[in-house]
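The values are calculated or read from the model by the stated rules, or taken from the named source; none is laboratory data. Given the structure is predicted, the values throughout are model-derived calculations rather than measurements. Cβ sites come from the backbone with ideal geometry, for glycine too, and all protein chains shown count toward neighbours.
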Amino acid sequence: MDIQTIRQNTPGVTHVVHFNSAGASLVSQQVLDAQIDYLKNEARFGGYETAAKHKAQLEEFYLEAAKLINASPEEIAFTESATVAWQRAFFSIPFKKGDTILTTKAEYASNFISYLYLKKDKGINIKVIPSNSVGEIDLQKLEESIDESVKLISVTHIPTNGGLVNPAEKIGKLAKKHNILYLLDACQSIGQYPIDVNKIGCHFLSATGRKYLRGPRGTGFLYVNKNVLTSLNPFNLDLHSANWVKPDAYEARTDAKIFETWESGLAAKIGLTQALKEANSFGMDNIWQRVVQLSQYLRSELEKIEDVKVTDIGAVQSGIVTFTTSVKASQLKEALNAKGFNTVVSHKSSTLLDMEDRNLEEVVRASVHYYNTEQEVDDLTAALRQIF
């Protein structure tokens, strides 16, 4: 990877030191241009007409997303966000009273709120699997918790608040062994970590564009294994996801586009397609290697500062680096921002069970990406020393 050229093609690096790719990455000039050019065409020629003209280009999205995760294009749906993707998958599953969902200690708030909603609405059970000594989901406890009531294993691959990479492939083997549906939230892993849905064995995978994929906000996608499509009940049917064939009948799509709706942000979709092309071109193994290198360097440099405590967990750790200091996290974030560094605060409410378990109220999150440099890491740690 030619980091210098990548940075030359990333306008944002000349304005800020961006350690918030787990929130929203800096897009490339090519991603920006793709969106602007499409919007200009819409303004000049009309929205429908521009979509028709760019039909082939818009269809490239499915090819590139499928390539990134080793799926088939017909298993991919474009969505407005990872949350929309996840919810459309989750609420399409025909749960009934007494069904059980198995999940993790580090589950994201939005997902857990949906579990609680179904518990109230349909009487499903939620079972949280304990973490092991390094913070991952305990695979032995997971298998011991499987009985005939278990309908779904739902896991956040890389949680928002602590570096952890859950063992997705090993979870998939257990799901396959016991013939259980498996939903993987890849919101933080897509774009930084190599994903192969066939190796993982998940039936659903939700992803966002704005984070490590370096795509536009308001974009995401959903993978649905074609073998489970007919057993699902998508709630979002319209004239795009189904065809009205008789006054009292419709025919639903037979591919993952059944989870789409007719209207969407096509300029953003074009931008996401460009971001996917770039990720595929760089190669996810190369990206992951670079992210791991930088995050390990950042952790090692933070640990040298007396007032800093790194709070990351996991045997395998991602580009998400979290820490606490004697200064309140929100105040430290603002102090760093004043010096030109973008970080974010991860609050307990985002991953309530994990943060409570580790007695954490909030942490500063500094997430690295391949366009960051070792010098930027040095500058960040130097700024922290100045603040203390």
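Considering the conditions (1) in contact with a Lys or Arg (Cβ under 9 Å, 6 or more places away or on another chain); (2) assigned to a loop (DSSP other than H, G, I, E, B); (3) surrounded by fewer than 24 Cβ atoms within 10 Å (Cβ to Cβ), residue 190 is excluded by exactly one of them, (3). Considering only the stretch 1-17, state which residues are part of a helix (DSSP H, G or I) and either in contact (Cβ under 8 Å) with a residue 40 or more places away in the chain or touching a strand residue (DSSP E or B) at 6+ places or on another chain (Cβ under 9 Å) (or both). Hits for the stretch 1-17 are 3, 6, 7, 12, 13. One residue stands out among those in the stretch 137-164 that are outside any helix (DSSP H, G or I) and among the polar types (S, T, N, Q): the one that is farthest from residue 356 (Cα to Cα), which is 149.
Do you know which residues across the stretch 120-136 are over 18 Å from residue 354 (Cα atoms) and surrounded by fewer than 16 Cβ atoms within 10 Å (Cβ to Cβ)? Those that are over 18 Å from residue 354 (Cα atoms) and surrounded by fewer than 16 Cβ atoms within 10 Å (Cβ to Cβ): 120, 121, 122, 123.
What tally of residues in the stretch 104-136 results from selecting those that are over 21 Å from residue 166 (Cβ atoms), among the hydrophobic types (A, V, I, L, M, F, W, C) and part of a loop (DSSP other than H, G, I, E, B)? Residues in the stretch 104-136 being over 21 Å from residue 166 (Cβ atoms), among the hydrophobic types (A, V, I, L, M, F, W, C) and part of a loop (DSSP other than H, G, I, E, B): 1 in total.
Residues in the stretch 81-94 that are surrounded by 19 or more Cβ atoms within 10 Å (Cβ to Cβ), more than 13 Å from the chain's Cα centre (by Cα) and outside any helix (DSSP H, G or I): 92, 93. Set side by side, the residues 290, 217 differ, and just one is touching a residue at least 40 places away in the same chain (Cβ under 8 Å), of a type in the set (D, E, K, R) and not in a helix (DSSP H, G or I), which is 217. One residue alone among 272, 222 is within 20 Å of residue 74 (Cα to Cα), touching a residue at least 40 places away in the same chain (Cβ under 8 Å) and part of a helix (DSSP H, G or I), and that residue is 272. For residue 387, state whether it is closer than 30 Å to residue 138 by Cα and touching a residue at least 40 places away in the same chain (Cβ under 8 Å). Here the answer is no, as residue 387 does not meet what is asked. Do we find a residue being at positive phi and either at pLDDT 95 or above or not in a loop (DSSP other than H, G, I, E, B) (or both) anywhere in the stretch 64-72? Yes, that holds for at least one residue. Restricting 285, 312, 255 to those that are in contact (Cβ under 8 Å) with a residue 12 or more places away in the chain, surrounded by fewer than 16 Cβ atoms within 10 Å (Cβ to Cβ) and of a type in the set (Asp, Glu) reduces the list to 285. The numbered conditions (1) assigned to a helix (DSSP H, G or I); (2) in contact (Cβ under 8 Å) with a residue 12 or more places away in the chain; (3) more than 25 Å from the chain's Cα centre (by Cα) are all true for residue 299 except (3).
In the set (1) at pLDDT below 95; (2) assigned to a helix (DSSP H, G or I), the condition left unmet by residue 199 is number (1).
Considering every residue within the stretch 303-318, establish whether at least one is under 19 Å from the mean Cα position of the chain (by Cα) and in a helix (DSSP H, G or I). No, the conditions are met nowhere in the stretch 303-318. Among residues of the stretch 18-45 that are under 18 Å from residue 274 (Cα atoms) and in a helix (DSSP H, G or I), those with a beta-carbon under 8 Å from a residue that is modelled with pLDDT of 95 or more and of a type in the set (Asp, Glu) at least six positions away or on a different chain give the pairs 30/278; 31/278. Taking the stretch 319-362 as the range and being on the phi < 0 side of the Ramachandran plot and assigned to a loop (DSSP other than H, G, I, E, B) as the test, the residues that pass are 319, 325, 326, 327, 328, 339, 343, 351, 358, 360, 361. Among the candidates 45, 61, the residue that is farther than 25 Å from residue 82 by Cβ and assigned by TED's automatic domain parsing to the domain that holds residue 265 is uniquely 45.
For the stretch 363-388, the candidate set comprises residues that are among the hydroxyl-bearing types (Ser, Thr, Tyr) and outside any helix (DSSP H, G or I); within that set, the residue that is farthest from the chain's Cα centre (by Cα) is 373. For the stretch 211-245, name all the residues that are crowded, with 23+ Cβ neighbours inside 10 Å and touching a Leu at 6+ places or on another chain (Cβ under 9 Å). Scanning the stretch 211-245 gives 213, 214, 215, 216, 219, 220, 221, 222, 223, 224.
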